[in-house]
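What follows is a short report on a single structure.
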Amino acid sequence: MKKIKVPRILLAAPASGSGKTTITCGIIRALTNRGLSVSSFKCGPDYIDPMFHKKALGVDSRNLDLFFNDENTVKYLLAENAEKKDIAVVEGVMGYYDGLAGKDYKASSYDLARTTATPTILIVDCKGKSVSILAEIYGFLNMEKDSNIKGVILNRVSPMIFEEIKNLIEERLKIRVLGYVGMLKKDYALESRHLGLVIADEVENLDEILDFLAAEFEKTIDMDLLIKLASDAPQIEYEPIQVSSQKSFKIAVAMDRAFCFYYQDNLDLLKKLGAEICCFSPLADDKLPDDISALYLGGGYPELYLPQLSQNTKLLTQIFEKLTNGLACIAECGGFMYLHETIEDKEHNKYPMVGFIKGESVYAGKLVRFGYIDMTAKGESIFGGEGTKLKGHEFHYWDSTNNGDVFVAQKPLRKTSWECVIGNENLYAGYPHIHFYSNITAIERFVKRCQKNAEIVG
């Protein structure tokens, strides 16, 4: 058992759209500008918010998820990636107490805060409210005795009334108010910029926006108190997770604006197991990296780049041939779509793709399947045979005429289930994104297959 001191803070809110991402990124940039080394995390399966964290920091951000991983694994991932940093900043998900199936604390921001004993600052959207803000804060403070809420930041509040509201909150609720954020221009509110299909790299002048937010927050938020609250966090106690590096192999990872959804811990685990990550762009490169024995096609927004992807025929042909010859492959969501014969756009125009999976990826016009899933294998995939268990997440507006039937997906705490994933001893291809730490044994099996293929696949 290992114990380490990790100064840390969790930024949560009563609901989505309260300003968590904007305030988190501004605070991260402000702490960085002070010369502090910062690690950042996102509660839950989100891919986009960590990209904004990375832009604010210049280093990778990671996910902490108590559905994908058990308590020890979450503590380990937090401690391992924050141990040598001055402070860890964690952005919450949805409303503070919102967890599995909309009826359980599990995997909520609160669940993460209590599991890791992380002090929490509640970000409260004050637009259209004054004294009623106290009732909202009171409810969150007293919902559970171990709420871990140690302070409050008021968002979208007038500087003219801030001091009055602050005094009321501190006097009546006995909770510190760290400061406020005023009515930001729309261009500076990151939530409004990326609610659609916008990733960090596509936001113009993002560095300028982050520097503006950091400068503003230094004026309106007590950063010294925030650092003190983080420093008051108790030691994290956990059992280190040991994996042994095996024979090295090269894995090609699609990485560009069309394919950018990867859990950083997934890539890190592959490296620990011997993988050399070779990134390539399906948009810009006409061939795969040399001497690879595996291919990882993550999610993203291929539907936004269909002409470019379709016109890159040399790469499409090479991928088809490599997969036909037995190249090990993981293809999740957007990557799964890319392997189809065609993908259609919102106007139902069809664009040829790799063609390894017989079927079409079609625009559904609505969210098709959403949320966490428990996955149990009915047949063979590169992760194992019948009975193999994985934990995944789905979120997509496109569907497939051939979703596969190698796994049964079950919604937690619900009766809803469906078949998914096309697979064999060399392949996992389906809409579910999976977190590799949910079943390290399955990932080790994938790695062994990669190493075997390294000997037989050119």
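Identify all residues within segment 145-163 that are under 27 Å from residue 113 (Cα atoms) and acidic (Asp, Glu); write none if there are none. 146, the sole residue that qualifies.
The residue that is surrounded by the most Cβ atoms within 10 Å (Cβ to Cβ), counting only those in segment 55-73 that are aliphatic (A, V, I, L, M) and at pLDDT below 95, is 56. Residues to consider are 110, 96; find the one that is within 20 Å of residue 232 (Cβ to Cβ), outside any helix (DSSP H, G or I), touching a Phe, Trp or Tyr at 6+ places or on another chain (Cβ under 6 Å) and not polar (S, T, N, Q). Result of the check over 110, 96: 96.
The set of residues from segment 360-388 being farther than 21 Å from residue 436 by Cα and either assigned by TED's automatic domain parsing to the domain that holds residue 100 or out of contact with any Phe, Trp or Tyr (no Cβ under 9 Å at 6 or more places or on another chain) (or both) comprises just one member, 360. When we screen 286, 256 for residues that are under 19 Å from the mean Cα position of the chain (by Cα), of a type in the set (D, E, K, R), in the same structural domain as residue 345 (by TED's automatic domain parsing) and more than 24 Å from residue 82 (Cβ to Cβ), the only hit is 256.
Give the residue, chosen from 52, 41, that is under 17 Å from the mean Cα position of the chain (by Cα) and modelled with pLDDT of 95 or more. Steps first, please.
Details: 52 fails: modelled with pLDDT of 95 or more.
Step by step, each of 52, 41 is checked, and only 41 is under 17 Å from the mean Cα position of the chain (by Cα) and modelled with pLDDT of 95 or more.
Within segment 366-397, restricting attention to residues that are more than 24 Å from the chain's Cα centre (by Cα) and in a loop (DSSP other than H, G, I, E, B), the residue that is surrounded by the fewest Cβ atoms within 10 Å (Cβ to Cβ) is 387. Scanning segment 322-353 for residues that are farther than 21 Å from residue 450 by Cα and of a type in the set (A, V, I, L, M) yields 337, 343, 353. When 75, 84 are screened for being touching a strand residue (DSSP E or B) at 6+ places or on another chain (Cβ under 9 Å) and within 22 Å of residue 391 (Cα to Cα), only 75 passes.
In this structure, does residue 241 turn out to be assigned to a loop (DSSP other than H, G, I, E, B), at pLDDT 95 or above and closer than 27 Å to residue 79 by Cβ? Answer is yes for this residue.
Could you check, for segment 329-345, whether at least one of its residues is part of a loop (DSSP other than H, G, I, E, B), in the same structural domain as residue 439 (by TED's automatic domain parsing) and modelled with pLDDT under 95? No, that holds for no residue. Of all residues in segment 351-366, none satisfies being within 28 Å of residue 380 (Cβ to Cβ) and at pLDDT below 95. Entry remark, segment 155-210: residues being of a type in the set (Lys, Arg), modelled with pLDDT under 95 and over 30 Å from residue 398 (Cβ atoms) number 2 in total.
Would you be able to tell me the number of residues in segment 309-349 that are among the β-branched types (Val, Ile, Thr) and within 25 Å of residue 263 (Cα to Cα)?
Count: 3.
Inside segment 118-145, residues that are in a loop (DSSP other than H, G, I, E, B) and within 21 Å of residue 20 (Cβ to Cβ) make up a count of 7. Of all residue pairs spaced 6 or more apart or on separate chains, those with beta-carbon atoms under 6 Å, a first member in segment 417-428 that is touching a residue at least 24 places away in the same chain (Cβ under 8 Å) and among the polar types (S, T, N, Q) and a second member that is part of a strand (DSSP E or B) and buried (at least 22 other Cβ atoms within 10 Å of the Cβ) are 426/328. Considering each of 39, 18 in turn, give the residue that is outside any loop (DSSP other than H, G, I, E, B) and either touching a residue at least 12 places away in the same chain (Cβ under 8 Å) or not aromatic (Phe, Trp, Tyr) (or both). Matching residue, one of 39, 18: 39. Scan segment 117-144 for residues that are crowded, with 16+ Cβ neighbours inside 10 Å and free of Cβ contacts under 8 Å to residues at least 24 places away in the same chain and the total you get is 1.
On the given criteria, is residue 228 more than 18 Å from residue 78 (Cβ to Cβ) and over 25 Å from the mean Cα position of the chain (by Cα)? Answer is yes for this residue. Scanning segment 355-365 for residues that are on the phi < 0 side of the Ramachandran plot and under 26 Å from the mean Cα position of the chain (by Cα) turns up 361, 362, 363, 364. Residues in segment 15-45 that are under 24 Å from residue 394 (Cα atoms) and either out of contact with any helix residue (DSSP H, G or I) (no Cβ under 9 Å at 6 or more places or on another chain) or not assigned by TED's automatic domain parsing to the domain that holds residue 102 (or both): 15, 45.
The values are calculated or read from the model by the stated rules, or taken from the named source; none is laboratory data. The shown structure was predicted, so the numbers you read here are calculated from the model rather than taken from an experiment. FYI the Cβ positions are ideal-geometry reconstructions off the backbone, even for glycines, and counts take in every protein chain you see.
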